[in-house]
Amino acid sequence: MPMIKVNEGMLKALLELLFRTNSCSVIKDEMRDVSGCDDADYGCIEEYCPYHSVENFIKYLNDEWEED
């Protein structure tokens with residue numbers, strides 16, 4: 001897969017905007033490839049959801065996300 005060079009600061013700013021204007025559940029529903037992210041009582045749980053925060057999403061994009 002070809003790599004695309006991006007400005008990391010601009011990417012983080014764009015991701016911050018995405019997460020401030022959308023909820024985790026909306027992002028997860030659109031991506032549809034997360035398992036173990038939802039809890040019936042608590043909703044999206046940060047440590048199990050790569051879309052919960054910008055930090056988690058960057059780990060996911062860099063293949064640093066560890067699924068349990």
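Going through region 56-68 one residue at a time, which ones are at pLDDT 65 or above and either more than 10 Å from the chain's Cα centre (by Cα) or not in a helix (DSSP H, G or I) (or both)? Hits for region 56-68 are Asn62, Asp63, Glu64, Trp65, Glu66, Glu67. Restricting attention to region 11-55, the residues that are assigned to a strand (DSSP E or B) and modelled with pLDDT under 65 add up to 3.
The values are calculated or read from the model by the stated rules, or taken from the named source; none is laboratory data. Note that the structure is a prediction, hence the values are computed from the model and not measured.
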